[in-house]
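Written below as structure tokens is the structure these notes are about.
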Amino acid sequence: MDIIACYSICNGLGIYILKIEGDDVYWRYSNEDKVRKSRLKVNKMDRFVFRCGNTWYDLNEFIKVGI
């Protein structure tokens, strides 16, 4: 799968979004090959968010790649 968006957590670590299908986001950490799946939710500010571990990430904060 190709990377469609990325988000930098710190130096050398980020989150890559690989696919958004329906209510599911397929993503992986930049230092791993394991693809994970999270459910998209709408928060109180009407923005799409998903959870990685215990942290919620806003799709608007990700940088689009190759689109």
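Remarks
- Gaussian network model of the chain, Cα within-10 Å springs - most flexible of N43, N31, N54: N54
- Relative contact order (%) - segment 4-67, alpha-carbon pairs under 8 angstrom, separation at least six: 27
- The alpha-carbon of K34 sits under 18 angstrom from the alpha-carbons of these lysines, leaving out residues fewer than 8 places away in its chain: K19.
- Computed from backbone phi with θ = phi - 60° and the Karplus coefficients 6.51, -1.76 and 1.60, the 3J(HN,Hα) list for segment 31-38 is 9, 10, 9, 6, 8, 10, 10, 10 Hz; x is used for glycine and proline.
- V65 paired with F48, simple spin-label distance in nm, labels 7 Å along Cα-to-beta-carbon: 1.8
- Rolling a 1.4 angstrom probe over the chain with all protein chains present gives an accessible area of which 46% lies on carbon and sulfur atoms.
- Surface per residue (accessible, 1.4 Å probe) for the chain, Å²: 73
- Dipole of the chain [Lys/Arg +1, Asp/Glu -1 at C-beta], most positive-end residue of V35, I4, V49: V49
- Separation in nanometres of the label points that stand 7 Å from Cα toward Cβ, at C6 and D24: 2.5
- Descending semi-axes in whole angstrom, ellipsoid equivalent of the chain, from the Cα gyration tensor: 18, 13, 12
The values are calculated or read from the model by the stated rules, or taken from the named source; none is laboratory data. Note that this is a predicted model, so its numbers are computed, not measured. Every residue, glycine among them, receives a Cβ derived from its backbone with ideal geometry; neighbour counts consider all protein chains shown. Keep in mind that these areas ignore ligands, DNA and RNA; they rest on the heavy atoms of the full protein, side chains included. Shrake-Rupley method; radii C 1.70, N 1.55, O 1.52, S 1.80 Å.
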